[in-house]
Amino acid sequence: MNNNHMTLGEFIIDNQKHFKYSSGEFSRLINAIRLAAKAVNHEIRKAGLVDITGASGDINIQGETQQKLDVLANDLFKQTIINREIVCGIASEEEDDFVIVHGKNKANDNKYILLMDPLDGSSNIDVNVSVGTIFSIYRRVSPEGTPVTEEDFLQKGNQQVAAGYIAYGTSTMLVFTTGKGVNGFTLNPAIGTFYLSNPNMKFPDIGKIYSINEGNYVHFPKGVKEYLKYCQEEKENRPYTSRYIGSLVSDFHRNMIKGGIYIYPTSAIGPKGKLRLLYECNPMAFIAEQAGGKASDGYKRILDLKPTELHQRVPFFCGNTQMVEKTEEFMSKYPEDANY
Ligand code: AHG
Ligand code: MN
Ligand code: MN
């Protein structure tokens, strides 16, 4: 079949045999994510018309104000997945602790766990700027048929079976990898179907965009400050272009297509960085590597970090391989604990 006409549903069926652990269970999970994505998309497209913008009045476990759509997206993904009994556990940026999913008869024989950032870039909701959803899938390590444990969620990113994101932008796209390249699907809103629009996505060889919240410059590590000066220098193919949306999904998506690097470093005020290893960095790192890019904490490969807690934060340097390597070169001039 011509790729341009292939739907996500057909792609899942066609590729089931290539998935790392070929089973109907995994295909059903991707199908459920597709369904939840459409439901969240429907809600987001109504924002502004109905009273779902703004803060919900609650604060999440990380002390951040929850937006109404944060809560709604979390509930929609959670319920869609739980109702189908296709995972044995879920961890979310918006939940204090992981959720144990029980089957009808209490025992749960499902193999997979889901981790998610249900709404990424939520500060952009009220101003009609793109937001996203990020998801990550692992096989459990605890025995099947028993309740999931924290250990199931604290696996290294290199154990991911699949990861992806949904970008709710000028169009809605679902981009994901199962470890065999990255494929992007665009929603045709008229008929509610995702079509394969971006097969085998790859970072271009040369990147020229850098994305960082430069307002925090004074608080950045020395290595990052020097890299930014390098980006702005008039030499070779520089100065680079600066683009920062403030939604990781959208910034990453643009950089993967056009060539660039996304940086959220540690800072004097956020010594561990801001982005969450399990819900944001690991899935994006997996996608980046599958698209020929790289993801680092400034010194080490993101996917090799051993998580110690669910809501752990890490510094994040992700994008074109040669750009990430350049940042590592600058960072390595200073020891990890004396980079300020
Ligand atoms: P979330 O909305 O899930 O909390 O994530 C926001 C993240 C990320 O998407 C974005 O790139 C970054 O925070 C923006 O942070 P600053 O406003 O500090 O630049
Ligand atoms: Mn986020
Ligand atoms: Mn979020």
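The values are calculated or read from the model by the stated rules, or taken from the named source; none is laboratory data. This is a predicted model, so every value here is computed, not measured. Neighbour counts are summed over all protein chains in view; Cβ atoms, including those assigned to glycine, are modelled from backbone coordinates with ideal geometry. Remember, those area values only see protein heavy atoms, side chains included, never the ligands or the DNA or RNA. Shrake-Rupley method; radii C 1.70, N 1.55, O 1.52, S 1.80 Å.
Determine which single condition K229 fails, assuming it passes every other condition in (1) open to solvent by 10 Å² or more (accessible area, probe 1.4 Å); (2) closer than 28 Å to L114 by Cα.
(2)
Can you tell me which residue is nearest to ligand 2 (Cβ to nearest atom) among those in segment 123-139 that are assigned to a strand (DSSP E or B) and of a type in the set (A, V, I, L, M, F, W, C)? Step through it out loud before you land on a result.
To start, the set of residues in segment 123-139 that are assigned to a strand (DSSP E or B) comprises 131-139.
Those left that are additionally of a type in the set (A, V, I, L, M, F, W, C): 131, 134-135, 137.
Working: V131: 9, I134: 7, F135: 12, I137: 17 Å.
Once the filter is applied, the top-ranked residue is I134.
Please determine whether any residue of segment 266-280 is out of contact with any strand residue (DSSP E or B) (no Cβ under 7 Å at 6 or more places or on another chain) and free of Cβ contacts under 8 Å to residues at least 40 places away in the same chain.
Scanning segment 266-280, I find at least one residue that is out of contact with any strand residue (DSSP E or B) (no Cβ under 7 Å at 6 or more places or on another chain) and free of Cβ contacts under 8 Å to residues at least 40 places away in the same chain, so the answer is yes.
Between a residue in segment 103-115 that is farther than 18 Å from T178 by Cα and modelled with pLDDT under 90 and any residue that is polar (S, T, N, Q) and open to solvent by 10 Å² or more (accessible area, probe 1.4 Å), which pairs come within a Cβ distance under 9 Å, given they are 6 or more apart or on different chains?
From residues that are farther than 18 Å from T178 by Cα and modelled with pLDDT under 90, the pairs are G103/N110; A107/T146; N108/T146.
Please verify whether segment 265-277 includes one or more residues that are over 13 Å from the mean Cα position of the chain (by Cα) and within 13 Å of ligand 2 (Cβ to nearest atom).
Checked against the condition, which is being over 13 Å from the mean Cα position of the chain (by Cα) and within 13 Å of ligand 2 (Cβ to nearest atom), segment 265-277 yields at least one hit.
Identify, from the list V218, V224, the residue that is of a type in the set (V, I, T), more than 23 Å from the chain's Cα centre (by Cα) and assigned by TED's automatic domain parsing to the domain that holds T327.
V218
Any residue that is away from ligand 1 (no atom under 16 Å from the Cβ) and without any contact (Cβ under 8 Å) to a residue 40 or more places away in the chain - is there at least one of those in segment 119-133?
No, segment 119-133 contains no residue that is away from ligand 1 (no atom under 16 Å from the Cβ) and without any contact (Cβ under 8 Å) to a residue 40 or more places away in the chain.
Could you please find all residues in segment 71-107 being open to solvent by 10 Å² or more (accessible area, probe 1.4 Å) and of a type in the set (S, T, N, Q)?
Correct list: Q79, T80, N83, N105.
Of D304, D337, D251, which residue is over 13 Å from the mean Cα position of the chain (by Cα) and touching a residue at least 24 places away in the same chain (Cβ under 8 Å)?
Answer to the selection: D304.
Out of segment 167-182, which residues are among the small types (G, A, S) and out of contact with any helix residue (DSSP H, G or I) (no Cβ under 8 Å at 6 or more places or on another chain)?
Listed by number, the list holds a single entry, S171.
Quick one: what pairs do we get from segment 70-99, first residue closer than 15 Å to A37 by Cα, second among the acidic types (D, E), C-beta under 6 Å, 6+ apart or different chains?
Between residues of segment 70-99 that are closer than 15 Å to A37 by Cα and residues that are among the acidic types (D, E), the close pairs are D70/E94; L72/E43; N74/E94.
Against the definition (among the β-branched types (V, I, T), outside any loop (DSSP other than H, G, I, E, B), within 21 Å of the chain's Cα centre (by Cα) and over 15 Å from R34 (Cβ atoms)), how does I166 come out, yes or no?
The answer is no for I166.
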